[in-house]
Amino acid sequence: MTQSPSTNTSEVVEQDVVLRKREFWMTRLPYMSVALVILMILLLLNTALETNLWTISVLSGVIASAAPLVIAAIGETPAIILGNGSLDISIGPLMSVINVTIILLVQQGLTSPVIIIGMAMLLGVGSGVLNGVFISVLRIPPIVVTFATYTIYMGLATHLLSQPGGTIPSWLANWTGNIGPLPISAVIIAVALILWFALSRTRFLRNIYAIGGDERASYVSGVPLVWVRLGTYMLTGLFVSLAGLMLTAEIASGDGNIGTSFTLTAIASVALGGTSLLGGRGGAMGSLVGAFDIFLINNVITVSHVGVFWQDVAYGLILVAAVVANALIARPGRRRGR
Amino acid sequence: MKALEVKNLRKAFGETKALSDCSFACAEGEIHAIIGENGSGKSTLVKILSGIFSPDGGQLIVQERPVHFQSIVAARKLGVVSIPQEILVVPALSVLENIFLGRGGFFSGPPGVEFRDKAHQLLLTLSADPIDLNTSLEELPLSKQQIVVIVRALMLNPNIVILDEATSALDVSDRDRLFEHLRERRSRGQSVIYISHRIDEIQGLADRLTVIRNGVSIQTLNPKETSVSEILRQMSGENRASMSGEVMKDSWKGKENASIVLRTTKLKFNANSRPIDFQAYEGEIVGLAGLEGHGQEIFLRALAGLRASSLRGEVAAIDRQRNEVSIHSLKQAYRQEISYVPRDRKTEGLFLKLSIKDNFAMPTYSRIVKQRKVTQALKLFKDKLSIIYENDSQLVGSLSGGNQQKVVLARWIYTNPRVLLLNDPTRGVDIPTKRDLYRLFHELVGNNMTIVLLSTDLEELVELCDRVVVFRDGGIFSELQGEGIQRDRIIAAMFGEAI
């Protein structure tokens, strides 16, 4: 057989490299760029509508109110990256259960941070195990499993606390305040992000991406699918326990229905933040930006005093536009499938 | 010493016996080939050896010790790693991450410098063009993706590596590099089990060859001392004529007497590439050849109306009234009775979750369908192409690869096109099936159909084509005709050498 080396081949390769670089700039924008652009626009709008936005007290109020959604969105991210229809819709009612449980503990006189934070984590991770076992071991579709737990948690939360009310310990109430100029809620968000970035260097989180990208390739390469899937839902639960704590700090009382709406807004934040609903692509930073977008959209709509109907329509339209824009930039340049 | 031995292995799926009595032994420092028709049980054997299936009976012996593989990881721990036929990669992840996939503990960090270096070295050994560890897989052509899959397995440094038709997407020079590497492993006392449909590859590479037929291992031979026809006879179990001896060239009238049905004018892949003026004539089989990524595939897809965005120039069909109609989409091509059979049947060819019949009749479903007519037509193709299935409402995904390929081909031939564009139609298809297909292609061109055939199998081009157009660097390098179509001349042209 004739041997190959010839100058022509390397020329082709070089051309190809140039072409690829050009493609990179045209199509490989950061996955969260749409969310970032929207964030800029919203910050400008909010500045125009609310001129005192950039004072420490207002800003830390904004961050504290947005924090439960931000952390819930970060928590939803790994479940969605896992792909193949994976998602966790039970997170909203789970936040309610955590909220209500904290109020009940306080009523029993148990106000120590160790007990309250420990209990929240137990509930979050426990829910992750429950969802995870059905999804990962018994192979029941995630939407079915987490819808079932969604309903169970909703019933459980309203049953445990039929009337909204109750009080929270002062250490938890302080989570909405500041240490000097630094909002504590920002620290809580930072804790969630640090956990994410610490994990993102591990095989565990990379394997979530791998399974989301191609399940069969992961399987034949020896990725432990069952354990990684189970771990993913536990990780989501862990983040949600933090979101539940933050939510409780924010509303400073108990309400069995308070968390329900977070399921959809968190999933919307993840999608807006550029994480592919098909799995395998995206990340927690995008979800963070996406969650701030959603929070600020609501804020703009509220302060601009348009009717409720138009609020919902505008909200929906912005979401659709953002998700479409994300899909457009995420599209691989040329299909190299041969 | 025997590195791996298999004794009387059995495996059944319900009623179907995939393996009924399979035995062979692979020595240390040996390249052992396994050959068999589609459905002979090779894939089942590989899946047992790689720990995906557990056998119903029989023995598996590694390093003289009987073993049971519980999982892929368990097989790997005993030094047995297989490289699957399909190119399984995670497209969004980098080359490095794809190579590292499935390794390390649950919470262990990214691969270290040593691993990177080793992976880089191995990529350099196996690929003629450099592959950057940080490129994402979706940026790589299929041929390079396959190299990544091979490197992923070899990085485990297995004592026994099993290649299950794992070279089908490689271009010629990379395949030679791989073979060189496998020989080097052999000299280090490691073993290779090599499964392929290409007898020429096996004869050049393997020390011994085991033939499997209907789930039974027939015989272990020395491939270098056994003739091709003998190997074929062992595989099929009957005395079929040798394929290479059979002259199948038909009596194409030649350019002078035939009319043009499809042409390109000044077709350019990008601003710098050479323009392509090409004509396809009625009743000919014209072959497209070239090293992977030299433009022949982009060209074939352009003929089908699937134009890459950077493409300039004109593709036109000449219809029955001798009018020139330009083609810009798959639909326009289909209207001009041009049918395209894509290469990747899983992603571009089949609806895996629909029945065989639905898959077969899909293009005709735009009209009102006469179920009985479709059923009859399918029956005809079933016999003609010997497609093996129980009934036509079975899911197409449940068929073996070769049979799936036949269904795709049958579908497009049933649309009765004037021009049939084939993108490597016999990739991963066994030899008797190939012969059935070749016979069919000849029958089709005999009825004045035109076939444009892109093939990575040079023997196929030599055997079938009236003309062969060889691509290089995004343009036509040379055109071979009639007696001039010879294996070495095609290869020379592929590598840019004038003959």
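The values are calculated or read from the model by the stated rules, or taken from the named source; none is laboratory data. The shown structure was predicted, so the numbers you read here are calculated from the model rather than taken from an experiment. Cβ atoms come from the backbone with ideal geometry, glycine included; neighbour counts cover every protein chain shown. Accessible surface areas use protein heavy atoms only, side chains included; no ligands, DNA or RNA. Shrake-Rupley method; radii C 1.70, N 1.55, O 1.52, S 1.80 Å.
Structure values in brief
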{"quantity": "For B:104-110, mean number of other protein chain Cβ atoms within 10 Å", "calculated": "5"}
{"quantity": "Chains B and A together, accessible area buried on both sides, 1.4 angstrom probe, square angstrom", "calculated": "4000"}
{"quantity": "Where Rh is the Kirkwood radius over Cα pairs, Rg/Rh for the stretch B:198-239", "calculated": "0.94"}
{"quantity": "1.4 Å probe, heavy atoms, protein only - residues of the stretch A:214-248 losing at least 40 Å² accessible area vs chain alone", "calculated": "A:Arg216, A:Ala217, A:Tyr219, A:Val220, A:Ser221, A:Gly222"}
{"quantity": "Whole-angstrom Cα spans of the stretch B:255-494 along principal axes, big to small", "calculated": "50, 38, 35"}
{"quantity": "Contact order relative to length of the stretch B:255-494, as percent, for alpha carbon pairs under 8 angstrom and 6 or more apart", "calculated": "28"}
{"quantity": "The stretch B:62-158 - convex hull of alpha carbons, volume per residue in Å³", "calculated": "122"}
{"quantity": "Cα-based equivalent ellipsoid, chain A: semi-axes from gyration tensor eigenvalues, Å", "calculated": "38, 26, 17"}
{"quantity": "Per-residue average of Cβ from other chains inside 10 Å of B:89-96", "calculated": "6"}
{"quantity": "By average C-beta atoms within 10 angstrom, highest first, the peptides B:345-356, B:95-106, B:49-60, B:64-75", "calculated": "B:95-106, B:49-60, B:345-356, B:64-75"}
{"quantity": "Using alpha carbons only: equivalent-ellipsoid semi-axes of the stretch B:1-137, gyration tensor based, whole Å", "calculated": "32, 17, 16"}
{"quantity": "Sequence-separation-based contact order of chain A, relative, with Cα cut under 8 Å and 6+ spacing, percent", "calculated": "35"}
{"quantity": "Chain B: proportion of alpha-carbon pairs further apart than 35 angstrom, %", "calculated": "36"}
{"quantity": "Shielding by other protein chains, B:469-475, mean Cβ within 10 Å", "calculated": "2"}
{"quantity": "Fraction of alpha-carbon pairs over 18 Å apart in the stretch B:439-499 - percent", "calculated": "34"}
{"quantity": "Dipole magnitude of chain A, debye to nearest 20 (Cβ charges: Lys/Arg +1, Asp/Glu -1, about Cα centre)", "calculated": "1100"}
{"quantity": "Peptides B:201-214, A:227-240 ordered by average Cβ neighbours within 10 Å, highest first", "calculated": "A:227-240, B:201-214"}
{"quantity": "Tail weight of P(r) past 14 Å, computed on alpha-carbon pairs of the stretch B:155-196, percent", "calculated": "49"}
{"quantity": "Accessible area per residue in Å² at 1.4 Å probe, computed on the stretch B:295-393", "calculated": "55"}
{"quantity": "Dmax and Rg, reported as Rg then Dmax, of the stretch B:101-240 (C-alpha, Å)", "calculated": "17.7, 58"}
{"quantity": "Residue among A:Asp255, A:Asp214, A:Asp293 with the largest mean-square fluctuation in a Gaussian network model of chain A, springs linking Cα atoms under 10 Å", "calculated": "A:Asp214"}
{"quantity": "Share antiparallel - DSSP beta bridges, the stretch B:419-499, percent rounded to 5", "calculated": "55"}
{"quantity": "Accessible surface, per residue, of chain A when the full set of protein chains is kept, probe 1.4 Å, Å²", "calculated": "44"}
{"quantity": "The stretch B:2-236, accessible surface, carbon-and-sulfur percent (1.4 angstrom probe)", "calculated": "48"}
{"quantity": "1.4 Å probe, heavy atoms, protein only - residues of the stretch A:273-308 losing at least 20 Å² accessible area vs chain alone", "calculated": "A:Arg281"}
{"quantity": "Principal axis dimensions, largest first and in whole angstrom, of the stretch B:2-236 by Cα", "calculated": "46, 38, 33"}
{"quantity": "Cα centroid separation, the stretch A:81-157 to the stretch A:300-314 (Å)", "calculated": "32"}
{"quantity": "Highest-first arrangement of B:266-278, A:150-162, where packing means the average Cβ count within 10 Å", "calculated": "A:150-162, B:266-278"}
{"quantity": "Dipole in debye (nearest 20) - the stretch B:2-236, about Cα centre, beta carbon charges: Lys, Arg +1; Asp, Glu -1", "calculated": "740"}
{"quantity": "Charge tally in the Cβ shell below 15 Å around A:Thr146, where Lys, Arg are +1 and Asp, Glu are -1, A:Thr146 excluded", "calculated": "0"}
{"quantity": "Cα-only radius of gyration and Dmax that characterise the protein assembly as shown, units Å", "calculated": "30.9, 100"}
{"quantity": "Chain B, relative contact order [Cα under 8 Å, separation at least 6], %", "calculated": "15"}
